[in-house]
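K.L.:
If you scroll down you'll find the structure; I have some questions about it.
The values are calculated or read from the model by the stated rules, or taken from the named source; none is laboratory data. In this text the structure is predicted, and so the values were computed from the model without any measurement. Note: ideal-geometry Cβ built from the backbone for every residue, glycine included; neighbour counts use all protein chains shown. Surface areas here come from the heavy atoms of the whole protein model, side chains and all, with no ligands, DNA or RNA. Shrake-Rupley method; radii C 1.70, N 1.55, O 1.52, S 1.80 Å.
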Amino acid sequence: GHVVGLVGPNGAGKTTLLNLATGMLEPTTGTVRVLGAGPASSPEQLARVGYVAQDTPTYASLSVADHLRFGAHMNPAWDAALAQGRIKQLGLDPRQKAGRLSGGQRAQLALTLAIAKRPELLILDEPIASLDPLARREFLQILMEATAEQELSVVMSSHLVADLERVTDYLIVLDRK
């Protein structure tokens, strides 16, 4: 139920740490535990973690509705009502191709996909770095609402310490030294 900010200079290991926590990388030494288990130890464990990668990736040729159908197909605890409600709240046209959305809209779509998965832990790798100040504010506001409503735990990396300090309970500083 806490929001943790992860900051540090380029090359300090923020993205590497988050990729280890999501199971996208395996540690060369040691172990990583997420919610008490290995990050990708089972499909059930993968379902417990939501992830938005750096640059909030979406599929340019898929529509907003296609993204939601894909999310529903891939996630056993998918909350279709939540996803549809967020799309409507954001004013996104379900027929619109993701490649034609603004950066802020793509970020909100990616966040919707991650939240509608109903994870226990949400991991966000610099989700607001490329957004303008108004889009950052809206993204963080919706993230905080979802965190409170769903009792999510969140780990979010960013270079924008001023934005993180407004929304985080804890701040972790990584340094390569």
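K.L.:
Quick check: at a probe of 1.4 Å, how many percent of the accessible area of segment 26-75 sits on carbon and sulfur atoms?
P.N.:
Carbon-and-sulfur percentage of accessible area, whole number: 56.
K.L.:
At most 16 other Cβ atoms within 10 Å and a DSSP loop assignment: could you name the chymotrypsin sites (Phe, Trp or Tyr not before Pro) in segment 37-82 that fit?
P.N.:
When the chymotrypsin sites (Phe, Trp or Tyr not before Pro) of segment 37-82 are filtered for loop state and at most 16 Cβ neighbours within 10 Å, TYR59 remain.
K.L.:
Would you work out if segment 1-103 is rounded, prolate or oblate? Take a ≥ b ≥ c from the square roots of the eigenvalues of the alpha-carbon gyration tensor; rounded if a/c is under 1.5, else prolate when a/b is larger than b/c, oblate otherwise.
P.N.:
Prolate shape, in that a/c is at least 1.5 and a/b is the bigger ratio.
K.L.:
Can you work out the Karplus-derived ³J(HN,Hα) for every residue in segment 99-108? Use 6.51 cos²θ - 1.76 cosθ + 1.60 with θ = phi - 60°, whole Hz, and x for glycine or proline.
P.N.:
Going residue by residue, I get x, 9, 7, 5, x, x, 5, 5, 4, 5 Hz, with x marking Gly and Pro.
K.L.:
Using alpha carbon centroids, what distance separates segment 1-73 and segment 91-164, in Å?
P.N.:
First find each Cα centre; the distance between them is then 14 Å.
K.L.:
Let me ask another. Taking amide H positions as placed in the peptide plane 1.01 Å from N, state which residues far from TYR51 in sequence (5 or more) or on other chains have amide H under 5 Å from it.
P.N.:
Distant-sequence amide H within range of TYR51: ILE123.
K.L.:
Using the heavy atoms of the protein chains alone and a 1.4 angstrom probe, what is the accessible area of segment 17-148 per residue in square angstrom?
P.N.:
Accessible area per residue: 52 Å².
K.L.:
Given a Förster distance of 25 angstrom, what is the FRET efficiency for GLN96 paired with ARG137, based on the Cβ-Cβ distance and rounded to 0.05?
P.N.:
0.65
K.L.:
Given a 1.4 Å probe and every protein chain left where it sits, what share in percent of the accessible area of segment 108-177 is carbon and sulfur?
P.N.:
50
K.L.:
Just how many pairs of Lys in the chain have C-alpha atoms closer than 30 Å, counting pairs that are eight or more places apart or on different chains?
P.N.:
Lysine pair count for the chain: 5.
K.L.:
Using modelled backbone amide H atoms (1.01 Å from N, in-plane), which distant-in-sequence or interchain residues come within less than 5 Å of VAL3's amide H?
P.N.:
VAL154, ASP169, TYR170
K.L.:
What is the antiparallel percent of DSSP beta bridges lying wholly in the chain, to the nearest 5?
P.N.:
10
K.L.:
What's the angle, to the nearest 10 degrees (0 to 90), between helix 64-74's Cα axis and the longest principal axis of the chain?
P.N.:
It is inclined by approximately 50 degrees.
K.L.:
Limiting things to C-alpha atoms, what are the Rg and the maximum Cα-Cα separation (Dmax) for the chain, in angstroms?
P.N.:
15.7, 48
K.L.:
Go ahead and set up a Gaussian network model of the chain, Cα springs under 10 Å, then flag whichever of LYS88, LYS14, LYS97 fluctuates most.
P.N.:
Highest fluctuation among the options: LYS88.
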